[in-house]
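First the structure, in the form of structure tokens, and then the observations on it.
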């Protein structure tokens, strides 16, 4: 297979390549399949992308579906339809206008998903807005700004409070001055350890609430404990 290399400002047609490398500003028209795509600058793909490895150092826009084994972003990337990924490491912002599926997601920044989001391993240091359902195996979430989804389901979910160094918000305005939290109508899982959240219904086998958790209703089976400063309107032990 041939390589595709674009330097400066350029364009190319889609196709099947070994390696695709962009240094500058490039547009690729049509579907593309490759072993590796590396962008240093800005790339727009007007079609679907299938690759083993994708690395964006800058700005990536993919108007179709994206399917890959590995994705690494330093900057921002937008996917116009859906994304299916084994491993993704995001240092910046990832926007998906359809559904998103990950084996493993490690994000430091922002995530926006217009549809459903599914991940076996979900590690967030930042914020997310998911319009559909969030279905996760194991989650480790530290909100830098509010993390929102209508419903969150998983096996083991841990939400920890972001402890800002003194004066950090003064210098970094993107960090919320208020206490960020997970906001959802429903969170359900086997093991739930929630320090900071605003949730209507929490349902789990083992539930632990921290100081900044505000929950309308907790339904638990095996174990429930809460910080004395947490807020719970109603707690119910489910026996059936």
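Run down 219, 155 and say which single residue is modelled with pLDDT of 95 or more, assigned to a strand (DSSP E or B) and more than 23 Å from residue 131 (Cα to Cα). Walk me through it before giving the result.
Details: 155 fails: more than 23 Å from residue 131 (Cα to Cα).
So the residue among 219, 155 that is modelled with pLDDT of 95 or more, assigned to a strand (DSSP E or B) and more than 23 Å from residue 131 (Cα to Cα) is 219.
Tally time: how many residues in the stretch 4-27 are surrounded by fewer than 17 Cβ atoms within 10 Å (Cβ to Cβ) and over 22 Å from residue 84 (Cβ atoms)?
10
Which residue out of 77, 129, 87, 101 is surrounded by 22 or more Cβ atoms within 10 Å (Cβ to Cβ) and modelled with pLDDT of 95 or more? Write out each step before concluding.
Details: 129 fails: surrounded by 22 or more Cβ atoms within 10 Å (Cβ to Cβ); 87 fails: surrounded by 22 or more Cβ atoms within 10 Å (Cβ to Cβ); 101 fails: surrounded by 22 or more Cβ atoms within 10 Å (Cβ to Cβ).
Result: 77 is the single residue among 77, 129, 87, 101 that is surrounded by 22 or more Cβ atoms within 10 Å (Cβ to Cβ) and modelled with pLDDT of 95 or more.
Kindly indicate which of 66, 84 is under 17 Å from the mean Cα position of the chain (by Cα) and closer than 19 Å to residue 20 by Cα. Step through it out loud before you land on a result.
Working: 84 fails: closer than 19 Å to residue 20 by Cα.
Residue meeting the stated conditions: 66.
So if I check each of 30, 64, 60, which one is closer than 20 Å to residue 98 by Cβ and surrounded by fewer than 16 Cβ atoms within 10 Å (Cβ to Cβ)? Give the steps one after another, and end with the answer.
On the way: 64 fails: surrounded by fewer than 16 Cβ atoms within 10 Å (Cβ to Cβ); 60 fails: surrounded by fewer than 16 Cβ atoms within 10 Å (Cβ to Cβ).
One residue alone meets the criteria, 30.
The values are calculated or read from the model by the stated rules, or taken from the named source; none is laboratory data. Model, not experiment: these values are computed from the prediction. Don't worry about glycine lacking a Cβ; one is built from the backbone with ideal geometry, like all the others, and counts go over all protein chains shown.
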